[in-house]
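The values are calculated or read from the model by the stated rules, or taken from the named source; none is laboratory data. Values in this document were obtained by computation on a predicted structure and should not be read as measured data. Cβ sites come from the backbone with ideal geometry, for glycine too, and all protein chains shown count toward neighbours.
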Amino acid sequence: MNENDYVIITPTVVPKPPEVEPARTIEELLARYPDMVENSNVLTDIACPHCGNRELFQIVYKTMGLFSDQGEEEQRGDQEWDGFVRCVDCDHEENDIKNWTFPGLDVALAKRRQETK
């Protein structure tokens with residue numbers, strides 16, 4: 001083998017796109033994601049602060065259940081959401097769902113919808 005048998009490859013460093021700070025207020029969410037729609041059930045006032053998703057999340061929660069050797073028989077009590085949450089759209093995750101809760105968000109969205117009619 002001689003030196004012409006080798007190709008020297010130099011690594012190319014691709015800069016990472018700048019990280020966008022997650023939205024922390026309703027105003028920031030509405031400005032960034034004007035097509036956001038309202039929720040009216042268990043995800044009321046919940047939104048991904050990174051991409052505005054409101055449809056589907058992975059959420060760790062606590063609940064009480066009645067179990068036998070065959071499995072869960074019955075879920076008892078409320079679900080307590082107090083931990084990890086991940087957005088299935090952008091994979092943004094945090095250890096506190098409180099950072100994804102925007103009290104009054106769905107009221108603001110309903111008001112905006114009424115105003116645009």
Practice problem: Quick one: count up the residues across segment 56-90 that are closer than 26 Å to Thr25 by Cβ, free of Cβ contacts under 8 Å to residues at least 24 places away in the same chain and assigned to a loop (DSSP other than H, G, I, E, B). | Solution: 0
Exercise. Among residues belonging to segment 96-117 that are in a helix (DSSP H, G or I) and acidic (Asp, Glu), point out the one that is modelled with the highest pLDDT.
Key: Asp106
Quiz item: Applying the selection to segment 28-45, what residues are of a type outside the set (A, V, I, L, M, F, W, C) and either more than 14 Å from Trp100 (Cα to Cα) or in contact (Cβ under 8 Å) with a residue 60 or more places away in the chain (or both)?
Solution: Arg32, Tyr33, Pro34, Asp35, Glu38, Asn39, Ser40, Asn41, Thr44, Asp45
Quiz item: Under the condition of being surrounded by fewer than 16 Cβ atoms within 10 Å (Cβ to Cβ) and β-branched (Val, Ile, Thr), which residue from segment 37-78 is farthest from the chain's Cα centre (by Cα)?
Solution: Thr63
Practice problem: Kindly indicate whether any position in segment 23-33 is surrounded by 11 or more Cβ atoms within 10 Å (Cβ to Cβ) and farther than 23 Å from Gly104 by Cα. | Solution: no
Quiz prompt | Conditions (1) surrounded by 11 or more Cβ atoms within 10 Å (Cβ to Cβ); (2) out of contact with any helix residue (DSSP H, G or I) (no Cβ under 7 Å at 6 or more places or on another chain); (3) of a type outside the set (Asp, Glu); (4) at pLDDT below 85: number failed by Trp81 | solution = (2)
Quiz item: So how many residues does segment 48-66 have that are small (Gly, Ala, Ser) and under 9 Å from Cys87 (Cα atoms)?
Solution: 0
